[in-house]
Amino acid sequence: MRGPETRDRAAFIELLASPDVHTYLGGPRPRDELERELPEVPERWPGSFVVDLDGAMIGHVLLRRATEHRRPAAAGKADLGYLFLPQAWGFGYAAEACTAALDWFDGVLPGEPVVLATQTANVASMRLAAKLGFTEVERFWAWDAEQWLGMRSPVTPAD
């Protein structure tokens, strides 16, 4: 995992424009709109990780503060999000990358809870949430489908 770089722009556009990637996320964005709006150099900030395989971006993992408009139970907590190109699905890359991002987060902000939201119909994402240690907080309706909000209990530093 690494920070976003200029060479990742095309992969970011592919992620955001892919109907497959956005099946459970309210649908893809138009490619021409993304071409106009996405900066040449993707933004870099702590908690934003490109998942790199053999020098090419295959996914993006993001930890950011959840806002109240997302879900009141999530407000102010770190929110884990991830997108992977379809050709990277089914190989365990998401589990490996999300685990690494959560380990990084636990080192930077030990004791902080993390939330994750996904559609209940997204079986792979629900499996990943369980594997990563997230447990259900609530279910809600968004994007014309039932959503699931899970929380990972804070990891406390060892004494």
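Nothing in this text is a laboratory measurement; each read-out follows from the coordinates by a stated rule. These figures come from a predicted structure and were not determined experimentally. Note: ideal-geometry Cβ built from the backbone for every residue, glycine included; neighbour counts use all protein chains shown.
The table that follows gives values for the structure above.
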read-out: Kirkwood Rh in Å, taken over all unlike Cα pairs in the stretch 6-152; value: 15.9 Å
read-out: Net charge of neighbours whose Cβ lies under 15 Å from the Cβ of Arg29, counting Lys and Arg as +1 and Asp and Glu as -1; value: -3
read-out: Per-residue HN-Hα couplings for the stretch 39-56 [Karplus 6.51, -1.76, 1.60; θ = phi - 60°; Hz; x = Gly/Pro]; value: x, 4, 10, x, 5, 10, 7, x, x, 10, 10, 8, 8, 10, 10, 6, x, 10
read-out: Global form of the stretch 79-122, assessed from the alpha-carbon gyration tensor, a/c cut-off 1.5; value: oblate
read-out: Rounded, prolate or oblate (a/c below 1.5 giving rounded, otherwise prolate when a/b exceeds b/c) for the stretch 8-65 by Cα gyration tensor; value: rounded
read-out: Relative contact order of the chain, pairs being alpha-carbon contacts under 8 Å that are 6 or more residues apart, as %; value: 18 percent
read-out: Once the Cα gyration tensor of the stretch 89-159 is diagonalised, semi-axes √(5λ) in Å; value: 24, 16, 8
